[in-house]
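Since every read-out is calculated from the coordinates, none of them should be taken as a lab result. Not measured: the values here are computed from a predicted model. Note that we place each Cβ from the backbone using ideal geometry, even for glycine, and neighbour counts take in every protein chain shown.
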Amino acid sequence: SSVADGDGGGGGDLQSRLHAALRRADAAELKLAMTERRLGALREQEAEETQAMRQLLAKIESNLNDATRRADAAEANARNLEIRLRRAEAEVRALRAAGGGGGSVQQQQQHEAQLRHAHEAGATASA
C-alpha cells in the first residue's frame, strides 16, 4: 500500500510538472502571437511610411522639374529681351549718327523711353 502511495505521489509530481510545462508553453505561444501581431503592425507602418516617402519624393521631383522649366523659360525670355535691347540701342546710335535721326525731339524721347522700358523689363526678367 505504501508503494502505491509513493507511485501516486510520483505521478502527482509528474502531473504538476506537466501542467507547469503546459502553462509555460501556453504563455510562450501567447507571447509569440503578441510578438507576431506587433511585427505585423510594424511592417504595415513601415509600408505606409515607405509609400508616403515615395509620394513625397515624386512631388519633390515634379516641383523640381517645374522649377527647372520655369527657370529655362525665364532665361530664354531674358536673352530675347537682351537681344531686343541691343537692337534698339543700335537703332538709336544709327539715328544719332545720321544727325538726329530726322525725327522730332518728341519721337527721340519716346524711343528712349521705350529703350528704358525694355531695359527695365530685361532686368526684371533676369532677376
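A simple packing score, the average count of other Cβ atoms within 10 Å per residue, orders the peptides 41-49, 87-95 as 87-95, 41-49, with the highest score first.
Kirkwood-type hydrodynamic radius, segment 50-97: 13.7 Å, calculated from all non-identical alpha-carbon pairs. Three semi-axes describe the equivalent ellipsoid of segment 21-67; taken as square roots of 5 times the Cα gyration tensor eigenvalues and ordered largest first, they are 45, 4, 4 Å. Charge tally around E46: other residues with Cβ under 14 Å, Lys/Arg +1 each, Asp/Glu -1 each, net 0.
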